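Visitor: Here it is, the structure, as structure tokens.
Each reported figure results from applying straightforward, stated rules to the coordinates on display, with no laboratory input. Source: prediction; values computed, not measured. Using ideal geometry, Cβ is built from the backbone for each residue, glycine included, and neighbour counts are taken over all protein chains shown.
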Amino acid sequence: MNTDEARKRIQQLTKELHQHNYRYYVLHDPSISDYEFDLLLKELEKLEEEHPHLADPNSPTKRVGGDITDKFEKVKHRFPMLSLSNSYSKEDIIEWENRVKKQVEGQIEYVLELKYDGVAISITYQNGELVRAVTRGDGETGEEITANVRTIRSIPLLLQGNEYPEDFDIRGEIFFPLENFAALNRRREEAGEELYANPRNTASGTLKNQDSRLVAERGLDCLLYSVYAENLPFDKHFESFSHAKAWGFKAPDADKKYIAKAMDIEGIMDFINYWDEHRHTLPFEIDGIVIKVNDYNQQDELGMTAKSPRWAIAYKFKAEAALTRLNEITYQVGRTGAITPVANLEPVLLAGTTVKRASLHNADQIERLDIREGDYVYVEKGGEIIPKVTGVELGKRPADSKPHAYITECPECGSELVRNEGEAQHYCPNTAGCPPQIMGRIEHFISRKAMNIDGLGPETVEQLWEAGLVENSASLYKLTKEDVLPLERMAERSAEKLVEGIEQSKAQSFERVLFALGIRYVGETVAKKLARHFKNIDALREASHEELVAVDEIGDRIAESVIGYFEDERNRQIVENLRASGLQFEIEEGEGPQSNALEGKKFVVSGVFIKFSRNEIKAAIEQHGGQNVGSISSKTDYVLAGENMGPKKLQKAQDLNIPVISEDDFIEMIGDRGSGIGDRGSVIGDR
């Protein structure tokens, strides 16, 4: 067979095998036997071996896996993967639906979907070919696991037809079918290996495996649920499913009631009630129902909060509960010195996992429930994730039971505990000498949303501490490869990666460094506000209480915490040592607001705009010091109105005498400073 003949046969076999994969794994309607399929696949493998330059990167032969990567590359999402607001009561769903009806004009249609209990994935297709698959990560940045996702046979490598967008992302959930999960555990049991606890965690661990051959063997599956692109060929969410199926994706099946539409709260509740009763008949696990507004224009009208869309909500099914014996109450010390009591339980199976420990929260919770060692207690999983003790079975309480006495001294360093007025938790005040606090602050410092130091985790931090190599976060920047090589399980390449990761973290922005310091009550959002307002660490350190509370959303508690942090000489020295190591302690040019033209002004953005997208305009408001708010009130300064703005909103603005401005009015307000607003694609909304 010459080269031209081989090329034609490879192309023919590739096309046929992709079609057979689609019929088998998506349509569940195979047109040839497994034996016939294997013969075709082996023929293709042989041709690719003989003519490697003709092999397609998306060849069906690549499904078997085999690529072993050194690590997973971090990739920024083009379209942020926002999480949904969760609700555990039907009353919350009713309230949400009422809010939607008040904010949107006209008839509203809802799409109802199963909330798969798996791993969220975003897959990019260009010109009909799979080019990248990225995990959710922190919503802004995920890990590229393309080689592993290619092995999942229900995910097409090449799309069907030619009606798809040239460049788009599709989101879905990768999960472990219950039958495949049970078969895996049977094999492990026969081999004398420990059984996996639940399908969701096993799917997650499988996808992070660096050998894609193992991923291919596991039999993971995927259902897709949303499409994202600059220009979609449809304007309603429900339509995306029929298009996705036509392109070759496995999408929820309306005939099986995996997805439905509803026009009102009654239809929503019917769907919730049906699956609350029948969810255990599914071939995969779900933990709730997702409700979305169908129309994309109405989604835009509703907008987003900082963390989630207002046009969607998730209803979580009631957590499973179990009764078991509480053997002992122990105490953990957090990085802030907070003491958390922990129930050590007789192991019990709960929602697919074996639970041995559960949080008791604080002294008030123990007293309120009258929890005692030796009691039989009810354990639930909050959101089916975090175990918690919810009650005591008094009928099983031993006759010699005594009330639990909460500790008065730190279990780690022996310091007398304190409890501040108005707070539920006790604290260890020994911030400089209590080991869990010190290690906890370092673990927070290196965490993904802070300094994000590759190659460094809690176990390594503990080893570094015990070896006397670190005493605080600033000590990390003095470490050398020679320092860390003697640590247990530390190979030369691991030591190099650790030191490289520490060095690379010096490029993190001021707002992330400020968050990493671990100042009490200063989370990600507060750190961003403080960094952008004060511009550098020196101005923040010298700020008075009045100057701090003048910053939007900064109250007395945060102000007092910031002042208290910098009053401690040890903290000031850590900051100076970090600065000397090269960390960023000021807003760099190009970061932060472009101007203060809209300082302190609150805007409601409504309608459809001509020159710029709604999200570009919202980003510009923040870049010039303004604030986006979701609804019109007496505190709103301006309503920025586009075409098709709802008449109710317009009437409310007029009733409250709030200025209604146009797109051109807004551009004039920010003047030449708004020239960057038209950078199309720089800010993309979640659709």
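Visitor: Just to be sure I understand: of the beta bridges DSSP finds with both ends in the chain, what percent are antiparallel, rounded to 5?
Guide: So the antiparallel bridges in the chain amount to around 85 percent.
Visitor: Right, something else. Based on the Cα atoms of region 435-507, what semi-axes does the equivalent ellipsoid have, where each is the square root of 5 times one gyration tensor eigenvalue, given in whole Å with the largest first? All intermediate terms of the calculation are to be shown ahead of the outcome.
Guide: On the way: eigenvalues 55, 45, 21 Å².
Result for region 435-507: semi-axes of 17, 15, 10 Å.
Visitor: Charges only on Cβ, +1 for Lys and Arg, -1 for Asp and Glu: so what's the dipole of region 200-257 about the Cα centre, in debye to the nearest 20? Write out the running numbers ahead of the final one.
Guide: Working: 9 positive and 8 negative charges, 53 e Å.
About 260 debye.
Visitor: For region 157-279, with only Lys/Arg (+1) and Asp/Glu (-1) charged at the beta-carbon, what is the dipole magnitude about the Cα centre, in debye rounded to 20?
Guide: Once rounded to the nearest 20, the dipole reads 380 debye.
Visitor: Using the Kirkwood formula on the Cα atoms of region 52-150, what hydrodynamic radius do you get, in angstrom to one decimal?
Guide: Taking every pair of different Cα atoms in region 52-150, averaging 1/r and inverting gives 17.2 Å.
Visitor: Moving on. For a quick check of your reading of the filter: which chymotrypsin sites (Phe, Trp or Tyr not before Pro) in region 458-538 sit in a DSSP loop and have no more than 15 other Cβ atoms within 10 Å?
Guide: Tyr521
Visitor: Place +1 on the Cβ of every Lys and Arg and -1 on the Cβ of every Asp and Glu in region 522-611, take the dipole about the Cα centre, and give the residue among Val605, Asn571, Gly582 whose Cα lies farthest towards its positive end.
Guide: Val605
Visitor: Divide the volume of the convex hull of the Cα atoms of region 602-678 by its number of residues and quote the answer in cubic angstrom per residue.
Guide: Hull volume over Cα atoms, normalised by residue count, gives 76 Å³.
Visitor: Now a separate question. Over region 86-314, what is the relative contact order in percent, taking alpha-carbon pairs closer than 8 angstrom and at least six residues apart?
Guide: Numbers: 384 pairs, mean separation 69.6, N = 229.
Relative contact order for region 86-314 comes out at 30 percent.
Visitor: Report relative contact order for the chain in percent, whole number only (criteria: Cα-Cα under 8 Å, sequence separation at least 6). Provide the component values of the computation, followed by the final result.
Guide: Details: 1182 pairs, mean separation 67.6, N = 687.
Dividing the mean separation by the residue count of the chain yields 10 percent.
Visitor: OK, next. For region 485-517, which GluC sites (Glu not before Pro) are both in a DSSP coil and crowded by at most 11 other Cβ atoms within 10 Å?
Guide: Glu488
Visitor: When all alpha-carbon pairs of region 624-666 are counted, what percent fall beyond 14 Å?
Guide: The calculated P(r) of region 624-666 puts 46 percent of pairs beyond 14 Å.
Visitor: For the chain, which cysteines have no second Cys with its Cβ under 4.7 Å from theirs?
Guide: Cys222
Visitor: Run the helix sum for the chain: -39,500 (n - 2.57) per DSSP H stretch of 4+ residues, divided by residue count, reported at 222 nm to the nearest 500 deg cm²/dmol.
Guide: -10500 deg cm²/dmol
Visitor: Roughly how big is the chain's charge dipole about its Cα centre, with Cβ charges of +1 (Lys, Arg) and -1 (Asp, Glu), in debye to the nearest 20?
Guide: Magnitude of the dipole: close to 700 debye.
Visitor: Run down the lysines and flag those whose C-alpha is under 28 Å from the C-alpha of Lys62, throwing out any fewer than 8 positions away in its chain.
Guide: Cα-Cα hits under 28 Å: Lys8, Lys15, Lys42, Lys46, Lys71, Lys74, Lys76, Lys208, Lys245, Lys250.
Visitor: Just list whichever of Lys101/Lys292; Lys90/Lys388; Lys356/Lys388; Lys102/Lys618; Lys101/Lys652 have alpha carbons separated by over 18 Å in the model shown.
Guide: Over 18 Å apart, Cα to Cα: Lys90/Lys388; Lys102/Lys618.
Visitor: Write down, largest first, the equivalent ellipsoid semi-axes of region 510-580 in whole Å, where each equals the square root of 5 times an eigenvalue of the alpha-carbon gyration tensor.
Guide: Its equivalent ellipsoid spans semi-axes of 18, 13, 11 Å.
Visitor: To continue, here is another question. Taking region 325-407, which GluC sites (Glu not before Pro) meet the DSSP loop condition and have no more than 16 other C-beta atoms within 10 Å?
Guide: On the way: sites: Glu328, Glu367, Glu373, Glu380, Glu384, Glu393; in loops: Glu373, Glu384, Glu393.
Of the GluC sites (Glu not before Pro), the ones in loops of region 325-407 whose Cβ has at most 16 other Cβ atoms within 10 Å are Glu373, Glu393.
Visitor: For region 393-404, what does the Karplus curve 6.51 cos²θ - 1.76 cosθ + 1.60, with θ = phi - 60°, yield as ³J(HN,Hα) per residue in whole Hz, taken in order and with x for Gly and Pro?
Guide: So the Karplus estimates, Gly and Pro as x, are 8, 5, x, 9, 6, x, 5, 8, 5, 10, x, 6 Hz.
Visitor: I would also like to ask the following. Take the eigenvalues of the Cα gyration tensor for region 198-247, scale each by 5, and report the square roots as semi-axes in whole Å, largest first.
Guide: 31, 11, 10
Visitor: Now for a different question. In whole Hz, with x marking every Gly and Pro, tabulate ³J(HN,Hα) for region 528-533 from phi via Karplus 6.51 cos²θ - 1.76 cosθ + 1.60, θ = phi - 60°.
Guide: 5, 5, 5, 5, 6, 7
Visitor: Have a look at the chain and give its Rg and Dmax from the Cα atoms, expressed in angstrom.
Guide: Computed over the Cα atoms of the chain, radius of gyration and Dmax are 28.2, 89 Å.
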